[in-house]
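Written below as structure tokens is the structure these notes are about.
The values are calculated or read from the model by the stated rules, or taken from the named source; none is laboratory data. Everything numeric in this text was worked out from a predicted model, so none of it was measured. Don't worry about glycine lacking a Cβ; one is built from the backbone with ideal geometry, like all the others, and counts go over all protein chains shown. The protein model used for the area step is the full one, side chains on, heavy atoms only, and it has no ligands, DNA or RNA in it. Shrake-Rupley method; radii C 1.70, N 1.55, O 1.52, S 1.80 Å.
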Amino acid sequence: AATGAAMIGLPALASAKLPAPAASAGFSEAEIATLDEIAETILPRTRTPGAKDAATGAFMARFVTDCYTARQQATFRAGLADIDKRAGGSFVALAPEARTTLLRTLDAEARKRAVEVSETGTGETAKAMPHPFTMIKQLAIFGFFTSKQGATEVLKYVAVPGRYDGDMAYAPGTPAWATS
């Protein structure tokens, strides 16, 4: 999530997972269903929940609507339309193997068109824009792993890594922190 934040909108990292978008969010139910299927193809249900279980499509729609610039929104929507076009009209109508093949093709194209990003999160050139599939894939991953299902049933969370030793011997002069 942190590496993709520069590309998809750094301010959103400060906010928690947003509720499902309202109809006025600009995405139709069919588009949200397509986003769910794309995300599910990237992060399928196995022994753990998949992206559809976490309503990742609705998260993606809300994030794009609330956090992307108009130009980023247009790029994202063009990418979504391109996926349907390449699928012969409807990504949702494809067989699972065909969905995977299509998304792998798009991922390979996206990797060839990497955008250099500065530490401020902006493209090095004024017109730098990631490949639309990069935006979709990053939001699918970000949306899923910040969901309740992704964060609690897939990721392992340890509040304080290591063990707690409340009665550790102290040697005078030992620094209080790991760095000195």
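Taking the range 18-99 as the region of interest, none of the helices (runs of 4 or more DSSP H) fully inside it holds 1 or more residues being on the phi > 0 side of the Ramachandran plot, open to solvent by 50 Å² or more (accessible area, probe 1.4 Å) and hydroxyl-bearing (S, T, Y). Scanning the range 73-94 turns up no residue that is closer than 16 Å to A140 by Cβ, of a type in the set (K, R) and modelled with pLDDT under 95. Among the conditions (1) part of a helix (DSSP H, G or I); (2) charged (D, E, K, R); (3) at pLDDT below 85, K137 misses just one, which is (3).
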